[in-house]
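Step one of this worksheet: look at the structure below.
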Amino acid sequence: MNNYFVCLFFERFGIEKGGSGTFDMKVTLLDSNKKDLPGNNVFLARGGKVAPSDDGCWFVAHTFDNYPPGLRFIRFEDSIQSLGHPYDIKAFGAKVKITKR
């Protein structure tokens with residue numbers, strides 16, 4: 001049975017002009033007990049050491065579709081490593097949007 005909801009998330013990673021760094025991000029769909037939903041409902045992203053967009057940010061987005069019923073929580077885990085001055089890179093603006101199909 002197809003799920004009639006779509007879960008879209010996005011987060012931005014900003015980098016200071018002249019700075020460099022990397023980021024890792026993991027997003028997991030969880031049930032009411034904060035356990036992983038069954039199936040492959042995990043998104044992983046790694047970035048950095050690449051040219052960010054013109055505004056100095058990387059934009060990471062993913063849509064979960066056809067996940068099983070029972071979604072109650074979404075866990076964002078991110079880590080960032082500056083390769084220059086401390087705080088060259090930061091994560092901000094994590095958002096989730098759930099819509100009916």
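The values are calculated or read from the model by the stated rules, or taken from the named source; none is laboratory data. Keep in mind that this is a model prediction, so the values were computed, not measured. Quick reminder, even Gly has a Cβ in these numbers, built from the backbone with ideal geometry, and neighbours come from all protein chains shown.
Tabulated data
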| read-out | value |
| --- | --- |
| Residues within the range 62-81 that are modelled with pLDDT of 85 or more and polar (S, T, N, Q), tallied | 1 |
| Cβ pairs under 7 Å, 6+ apart, first in the range 19-46 and in contact (Cβ under 8 Å) with a residue 60 or more places away in the chain, second in a loop (DSSP other than H, G, I, E, B) and loosely packed, with under 11 Cβ neighbours inside 10 Å | Ser20/Lys49; Thr22/Lys49 |
| Selected residue (criterion: nearest to Ser20 (Cα to Cα)) from residues of the range 35-61 that are at pLDDT below 85, part of a strand (DSSP E or B) and not aliphatic (A, V, I, L, M) | Gly48 |
